[in-house]
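The values are calculated or read from the model by the stated rules, or taken from the named source; none is laboratory data. These numbers come from a predicted model, not from an experiment. Here the Cβ positions follow ideal geometry from the backbone for every residue, glycine too, while neighbour counts run over all protein chains shown.
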Amino acid sequence: MNRRIGKPSPARLKALLGDHFGRPSGSLLVGSGPGLDAAVLDLGDGRVMAVAEDPIFPAPKLPLDLMGWFTVHIGASDVAVTGIKPEFMSYTLLLPPESPESEARTVIEAVSKAAFELDITIVGGHTGWYSTVVVPIVGGVTVWGFAPRDRWISPGGALDGDVILITKGPAIEAAALLAVLYRDKLIGKMPAELLEKVCQRTTEITVVQDALLAFAAGGVHAMHDATEGGVLGGLWEMSHAAGMPLHADMDAVPVPEDIRRLAEALGFDPWQAISEGTLLAAVDPAAVDKVRTAWNSAGITNHILGRFDASASELTVTREGRTLPLEEPQVDPFWEIFFAGL
């Protein structure tokens, strides 16, 4: 039997899910599909609701309070990319029988603190200790919010000629988590100050601020959080969600030095690795300066990555001076390295 790790490729996931989505509803404006971070529902009263669901896996050597922070920000990020402010959430905390109550309390308090900071109300969920659970884990976090019927966007909403902007750079999540996991083994393989810097990027694993600032600036037609499959996977998903080719010039965006050195030390492609915290945005050319100014004012690093082009025959990327078709994302290289380090 083939070993399966991480999220299936879009083709595998489509074959697996088929049309098994329960009863169809005319209220569903955006449902399941590649690159669609959140569902959007028409409430019939002039408002829409965006709702997203995510699991939060634990990472060794990361404190439980940070896992609580991730729980809120990762869930909230998927709603924020619609331009809708996350308002409510529920989550399920599962723990092994030997886990003390103090560990549950640490996660619960951290989730509450992060939710309070984002003005999110926790409305319910589930907490329990079970013998089939081997480490504390958030089995699922659901986040939702509301907006006027004309004040939201879809990750598939890119228009011809839109400029693709990127925040922070590639492999934010992969680099941060692997740096913490492999920290002792990386000593001497990269400068100490760069190792410390990449470990500190755990606090960058969110696009809530990135997305809400961009949407408020105006002229943004689509946004997507570059999670599994990394930036390359995110570009493929945005292109297919929009039904339009794009071209991205990876050579125009520098990989941060700390992430580049870590990727070299551990042997993975930073552009293909999971990058929660990296926002991809399709922006009207006339609004690019406004969006970038909003990000710059908040200290969010950003670059121009490419452009959507309806006249192009295929989705392409330029890397190291070569322009090639971008293939459908497969297994994220992060997972093999992550599980090998456990």
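What do you reckon, is residue 28 farther than 30 Å from residue 109 by Cβ, over 18 Å from the mean Cα position of the chain (by Cα) and not assigned by TED's automatic domain parsing to the domain that holds residue 224? Considered against the rule, which asks whether it is farther than 30 Å from residue 109 by Cβ, over 18 Å from the mean Cα position of the chain (by Cα) and not assigned by TED's automatic domain parsing to the domain that holds residue 224, residue 28 comes out as yes.
Confirm whether residue 293 is touching a residue at least 24 places away in the same chain (Cβ under 8 Å), buried (at least 17 other Cβ atoms within 10 Å of the Cβ) and among the polar types (S, T, N, Q). When the stated conditions are applied, residue 293 does not pass them. Counting only helices (runs of 4 or more DSSP H) that sit wholly inside the stretch 228-342, those with at least 1 residues that are hydroxyl-bearing (Ser, Thr, Tyr) and out of contact with any Lys or Arg (no Cβ under 9 Å at 6 or more places or on another chain) are 230-242, 288-297. Would you please name the residue that is nearest to residue 278 (Cα to Cα), looking only at residues in the stretch 166-201 that are in contact with a Gly (Cβ under 9 Å, 6 or more places away or on another chain), in a helix (DSSP H, G or I) and of a type outside the set (Gly, Ala, Ser)? By that ranking, first place goes to 172. Being assigned by TED's automatic domain parsing to the domain that holds residue 212, touching a Ser or Thr at 6+ places or on another chain (Cβ under 8 Å) and within 22 Å of residue 197 (Cβ to Cβ) is the requirement here; does residue 299 meet it? Answer is no for this residue. Filter the stretch 71-127 for residues that are free of Cβ contacts under 8 Å to residues at least 40 places away in the same chain and at positive phi; which is nearest to the chain's Cα centre (by Cα)? Among those that are free of Cβ contacts under 8 Å to residues at least 40 places away in the same chain and at positive phi, it is 119.
Taken over the stretch 80-94, the criterion of being surrounded by 19 or more Cβ atoms within 10 Å (Cβ to Cβ), closer than 19 Å to residue 113 by Cβ and of a type outside the set (Lys, Arg) is satisfied by 80, 86, 87, 89, 91, 93. Apart from one condition, residue 163 fits all of (1) at negative phi; (2) at pLDDT 95 or above; (3) surrounded by fewer than 24 Cβ atoms within 10 Å (Cβ to Cβ); (4) touching a Gly at 6+ places or on another chain (Cβ under 7 Å); the exception is (4). The sole residue among 138, 111 that is modelled with pLDDT of 95 or more, in contact with a Gly (Cβ under 6 Å, 6 or more places away or on another chain) and closer than 18 Å to residue 52 by Cα is 111. So, residue 34, is that one assigned by TED's automatic domain parsing to the domain that holds residue 120, touching a Leu at 6+ places or on another chain (Cβ under 9 Å), touching a residue at least 40 places away in the same chain (Cβ under 8 Å) and more than 26 Å from residue 118 (Cβ to Cβ) or not? Answer is yes for this residue. Scanning the stretch 304-342 for residues being buried (at least 21 other Cβ atoms within 10 Å of the Cβ) and farther than 26 Å from residue 221 by Cβ gives a total of 4.
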